[in-house]
Amino acid sequence: MLVRDLSLEDVKPEDIKDNEILFGEGLGLDSLDAVEIVVLLQRNFGLEVKNMDQGKEIFYSIDTLANYIYANKK
């Protein structure tokens, strides 16, 4: 979902480790990508992230994002 919907060039899903940091020196996502992820969560899973501190924890890695989706999907 992230590679396709965020149009990550030169990145294959299998190249992203589950515990890889998504922002900064990890995968290199930025604040615009964070907004897009929020929209993707709403559209694909009916989930909302309203608290930015919570968002930082949720968007830390693929693992934390997947755990949030699994625990909260509707």
Original post:
Within segment 1-28, can you find the residues that are farther than 18 Å from Ile58 by Cα and either crowded, with 16+ Cβ neighbours inside 10 Å or of a type in the set (Val, Ile, Thr) (or both)?
Top reply: Leu8, Val11
Original post:
If you go through segment 2-28, how many residues are in contact (Cβ under 8 Å) with a residue 12 or more places away in the chain and closer than 15 Å to Thr64 by Cβ?
Top reply: 11
Original post:
Mind checking which residues of segment 1-57 are over 11 Å from the mean Cα position of the chain (by Cα), of a type in the set (A, V, I, L, M), over 16 Å from Asn72 (Cβ atoms) and at pLDDT below 90?
Top reply: Leu8, Val11, Ile16, Met52
Original post:
Can you tell me which residue in segment 29-70 is surrounded by the fewest Cβ atoms within 10 Å (Cβ to Cβ), limited to those that are under 17 Å from Ser7 (Cα atoms), among the charged types (D, E, K, R) and in contact (Cβ under 8 Å) with a residue 12 or more places away in the chain?
Top reply: Glu36
**OP:** Could you list all residues from segment 49-72 that are among the acidic types (Asp, Glu) and either closer than 15 Å to Ala34 by Cβ or assigned to a loop (DSSP other than H, G, I, E, B) (or both)?
**Re:** Asp53, Glu57
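The values are calculated or read from the model by the stated rules, or taken from the named source; none is laboratory data. Since we're looking at a predicted model, the values are computed, not measured. So basically every Cβ, Gly included, is an ideal-geometry build from the backbone, and we count neighbours across all protein chains shown.
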